[in-house]
Amino acid sequence: MSDHLIIFDTTLRDGEQSPGASMNLDDKVRIARVLEKMRVDVIEAGFPIASPGDFDSVKAVAEAIQDSRVCGLARATVEDIERAAEAVKPANASRIHTFLATSPIHMKEKLRMTPGQVLEQITFAVDLARNFTDDVEFSPEDASRTESDFLCRAVETAIRAGATTINIPDTVGYAWPEEFAQSIANLIERVPNSDKAIFSVHCHDDLGLSVSNSLQAVLKGARQVECTINGLGERAGNASLEEVVMAVRTRQDIFPVDTRINTREIVSASRLVSSITGFPVQPNKAIVGANAFAHESGIHQDGVIKKRETYEIMRAEDVGWDTNKMVLGKHSGRNAFKTRLTELGYEFSSDEDLRSAFDRFKELADKKHEIFDDDLQALVSEEIAENYQDKYRLISLSANSTMDKSSSANVAITNGVTELNGDAQGDGPVDAAFKAIKSLLDTKASLLLYSVNNITSGTDSLGEVTVRLKDGSRIVNGKGSDTDIVVASAKAYIAALNRLANSERRFHPQNESLV
């Protein structure tokens, strides 16, 4: 029988550190429930000390989740650990994850601590965390650039203090697979009390090696992998949960381990995270990309028709692609609509929200013949987003585009009190609409990203637009969808402005020195 490989999902914590990927409390609970349905072992719900909103989100996840273990991140300080302990206290099973940097550059330049002081702080932090839970994880931050002997001492110290999981993070994505794997093997072999803890890895994708590093470490004895849905994470992202899980599941001839993940929920989780964060999944993304199981080559098509295994190493149905075959239309009833969205991970807080979403569904059904799961997710994600828009909302938009001439747009927006109307000209209807909105709301935010995707095929497809804005140090995403791409663009722009208006300031845990 294969050993159990623990899947530690940090989409709600490290994933949220992607610029513009901020999630509100309800977003986090919805994702956590899908992760629980997927049978993720540990859900790192956030960094409670970062802000009151983060604390409330972690606590809400802890209250909502029954089967997965809920974890909170904490620096190696009293305030952080006590705050994390309070946030995860309602959970059926809780964990405190505390970290402290151990590389020479981090100890000298960031912490301003000596190696001896770092070891003392590790003992103090882990011991304190054990007062609140018997499940404590310790991470020597920037482990892949830490001197081998000192890393062994830090790990031994943490285990002696009571850490039950030792996570070795490649914080800056610097490690090389064979090198990283050997470091895991060395720790397990050299640290005297290594048998008293589970070894974990947390790899970043700066060199595109996060999954490879993680899998090589598993072959050398790591029994927990920290990862995120869609590989979401700061900078280039984290190891992708779907890739790690399916690599292990598909190559059981190589791996002496397997996960407990219900892989049929992978695609639904991917779509939910994408819709909430506004980060589209590239079509050629492994496992969850739209082209992952698509065959255009005639030779490939012929082979798959004759025998699927000729060009597919896994079944599309096994990762959840069979859910995309569900088609709803204008004759579908409210119960079918609600049931399908529940299966996709969406819950309605009231009958009024359901009625409103169903009305939008009917409007869309009148515009296009077939409505697929992707259409539903875009439609309801926008409905949920608008429930949080307490400041601006698009009322109407008309745009005029003529070849070789400037385009014009007229926009009407409500701020919850009055209706604002504005006109502008621009280089195309989208540019004109954005300029009209910007003049009405007098925003100084700059546009970092404008991305358009068709959700389903056909000229009547819903267009999905992602807009990323920056205002000072804050970066947010907005998402909008409509069969009219100009309207979808305006919705996305306004959604991003609402996020700027509603977002609270948070600090990044790896940019803050210990206090």
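For the reader, a short list of remarks on this structure follows.
- Restricted to helices (runs of 4 or more DSSP H) entirely inside region 113-222, those with at least 2 residues that are among the polar types (S, T, N, Q), within 23 Å of the chain's Cα centre (by Cα) and surrounded by 20 or more Cβ atoms within 10 Å (Cβ to Cβ) are 210-219.
- Tally, over region 60-96, of residues that are among the small types (Gly, Ala, Ser) and part of a loop (DSSP other than H, G, I, E, B): 4
- For region 223-246, residues that are assigned to a loop (DSSP other than H, G, I, E, B), hydrophobic (A, V, I, L, M, F, W, C) and farther than 14 Å from Asp14 by Cβ total 0.
- Thr459 being polar (S, T, N, Q), at negative phi and part of a loop (DSSP other than H, G, I, E, B): yes
- Filter pass, Ile49 being farther than 25 Å from Asp471 by Cα, over 14 Å from the mean Cα position of the chain (by Cα) and of a type in the set (Val, Ile, Thr): no
- Among the residues making up region 50-83, those that are more than 14 Å from Ser94 (Cα to Cα) and in contact (Cβ under 8 Å) with a residue 40 or more places away in the chain are Ala50, Ser51, Pro52, Gly53, Asp54, Ser57, Arg75, Ala76, Thr77, Val78, Glu79.
- Filtered by the rule that a residue be among the basic types (Lys, Arg) and at pLDDT below 70, region 349-387 gives a lone residue, Lys368.
- Filtered by the rule that a residue be more than 24 Å from the chain's Cα centre (by Cα) and surrounded by 15 or more Cβ atoms within 10 Å (Cβ to Cβ), region 65-80 gives Ala76, Thr77.
- Subset of region 21-43 that is within 11 Å of the chain's Cα centre (by Cα) and not hydrophobic (A, V, I, L, M, F, W, C) - its residue that is nearest to Leu232 (Cα to Cα): Ser22
- Of the criteria (1) within 13 Å of Ala286 (Cβ to Cβ); (2) touching a Phe, Trp or Tyr at 6+ places or on another chain (Cβ under 7 Å); (3) hydrophobic (A, V, I, L, M, F, W, C), which one Val244 fails: (2)
- Test: residue in region 468-490 that is touching a Gly at 6+ places or on another chain (Cβ under 6 Å), farther than 30 Å from Thr98 by Cα, in a helix (DSSP H, G or I) and modelled with pLDDT of 80 or more: yes
- Residue match in region 25-46 (condition: β-branched (Val, Ile, Thr), assigned to a loop (DSSP other than H, G, I, E, B), in contact with a helix residue (DSSP H, G or I) (Cβ under 8 Å, 6 or more places away or on another chain) and within 24 Å of Ser349 (Cα to Cα)): no
- Matching entry among Thr402, Thr443 (being more than 29 Å from Asp375 (Cβ to Cβ), more than 31 Å from the chain's Cα centre (by Cα) and either touching a residue at least 40 places away in the same chain (Cβ under 8 Å) or surrounded by fewer than 17 Cβ atoms within 10 Å (Cβ to Cβ) (or both)): Thr402
The values are calculated or read from the model by the stated rules, or taken from the named source; none is laboratory data. Just so we're clear, the structure is a prediction, and the values are computed from it rather than from any experiment. Neighbour counts run over all protein chains shown; Cβ positions are idealised from the backbone, glycine included.
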